[in-house]
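The next block holds one structure in the form of structure tokens; read it before the comments.
A short reminder: the numbers here are calculations on the coordinates, not readings from a lab. Note that the coordinates shown come from a computational prediction; the quantities given were computed from them, not determined experimentally. Cβ placement follows ideal geometry from the backbone for every residue including glycine, while neighbour counts extend to all protein chains displayed.
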Amino acid sequence: MDDLDLEKLRAPLSMPSYPEGFRSGFACFVGRPNVGKSTLMNALVGQKVAITSNRPQTTRRTVRGIVHRDDAQLIIVDTPGLHKPRTLLGERLDSLARSTLVEVDVIGFCVPADEPIGRGDTYIARELAAQRDTPVVALVTKTDLVGRRQVSEQLMAVDRLGEWADIVPVSAEGGFQLDAVADVLCGHLPEGPPLYPDGDLTDEPDEMLVAELIREASLEGVRDELPHSIAVVVDEMAERENTRPGRELVDIYASLYVERPSQKAIVIGAKGARLREVGSAARKQIEALLGTRVYLDLRVRVAKDWQRDPKQLRRLGFDQQV
């Protein structure tokens, strides 16, 4: 699990020029699990840089997506949803989300339009009230799933939750108000030069993005308790040698870790059918990401109770305390 260290990232690039009044900085999206934070970030960036799923607690890392504009560069930090931890992994994810709040320039508090305000939303609103030095923008997400009246009612309900710098309804799926969200967030950034080269959409290494795409594919159609038990590690990733021009191929060998043998059987499926489906779905996404053909080899392994074991967490990449 990575430490943000945003101060190092704020060191400006050597750019020939940038417009007067140009703004650059960091925003983070927070909210309870499964309110559309990753989907909204992907829509603003214009490309998939964070995995999405209808399963809660899909996001396990801070993923940075970069929005380039003529007048600003907005770096969005997608964080795990704030929740009551039940495992050591959960504690680290919650700590990671909280540490992000004090390091960004503006916070986007995501509340879905299609669900009533709940205890989780109220709890997070109280937490955000303590962030007195950082503006908080309330974002009512998933407006495409409800009618105008319900959107209006949710906007009023969110307004009663706290004092917000702005309140903006948005639909990542439908594209509604995406520009308005970007305008509002960029308006809270400090003036300064770009922090990333033009064209960069994320600073995540390809191996990490590939692992996340495999995990996303593995989450589809599995039992409710299983998604939290799946971790993916890319063991090897390299271009295949001696391929013909135009027929380049990247070989990827990855391991899916679960906590119990019974879970391994679920992921593999009858005669390996489930794992083949995961591989096929993941390969399409990975080829789109890398822009080349991919050979994908997946193995399922058991790491007993890895969510509660510090040694296993380190081995699977969740090694940094936050």
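Figures for the structure shown
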{"item": "Phi to ³J(HN,Hα) by Karplus 6.51 cos²θ - 1.76 cosθ + 1.60 over segment 197-207, Hz, x for Gly, Pro", "result": "x, 4, x, 5, 10, 7, 10, 6, x, 4, 4"}
{"item": "3J(HN,Hα) from dihedral phi, segment 150-157, Karplus parametrisation 6.51/-1.76/1.60, rounded to Hz, x for glycine, proline", "result": "5, 4, 4, 5, 6, 4, 5, 5"}
{"item": "Dipole magnitude of segment 178-283 about its Cα centre (Cβ charges: Lys, Arg +1; Asp, Glu -1), debye to nearest 20", "result": "1000"}
{"item": "Distant-in-sequence amide H partners of VAL294 (H built 1.01 Å from N, under 5 Å)", "result": "VAL250"}
{"item": "Gained length - ARG148 relative to ASP235, 0.36 nm times residue gap less alpha-carbon distance", "result": "26.5 nm"}
{"item": "Order of LYS264, LYS304, LYS37 under a 10 Å beta carbon neighbour criterion, fewest first", "result": "LYS304, LYS264, LYS37"}
{"item": "Length gained when the stretch ASP179-GLU163 is fully extended (0.36 nm per residue, less Cα-Cα span)", "result": "3.5 nm"}
{"item": "Cross-link table LYS48/LYS271; LYS284/LYS311; LYS271/LYS311; LYS37/LYS271; LYS271/LYS304; LYS284/LYS304, entries beyond 28 Å C-alpha to C-alpha", "result": "LYS48/LYS271; LYS284/LYS311; LYS271/LYS311; LYS37/LYS271; LYS284/LYS304"}
{"item": "Residue-by-residue Karplus 3J(HN,Hα) for segment 249-264, coefficients 6.51, -1.76, 1.60, Hz, glycine and proline x", "result": "9, 10, 8, 10, 10, 9, 10, 9, 9, 10, 9, 9, x, 5, 5, 4"}
{"item": "10 Å binning of all Cα-Cα separations within segment 237-320, expressed as whole percents from 0 upward", "result": "16, 36, 32, 14, 2"}
{"item": "Amide H contacts of TYR257 (H built 1.01 Å from N, under 5 Å, at least 5 apart or other chain)", "result": "ALA231, VAL232, VAL233, ARG301"}
{"item": "Inter-centroid distance (Cα atoms) of segment 261-290 relative to segment 199-215, Å", "result": "18"}
{"item": "Per-residue Cβ neighbour rank within 10 angstrom, fewest leading, PHE176, PHE22, PHE29", "result": "PHE176, PHE22, PHE29"}
{"item": "Least to most buried among ILE214, ILE252, ILE268 (fewest other Cβ within 10 Å first)", "result": "ILE268, ILE252, ILE214"}
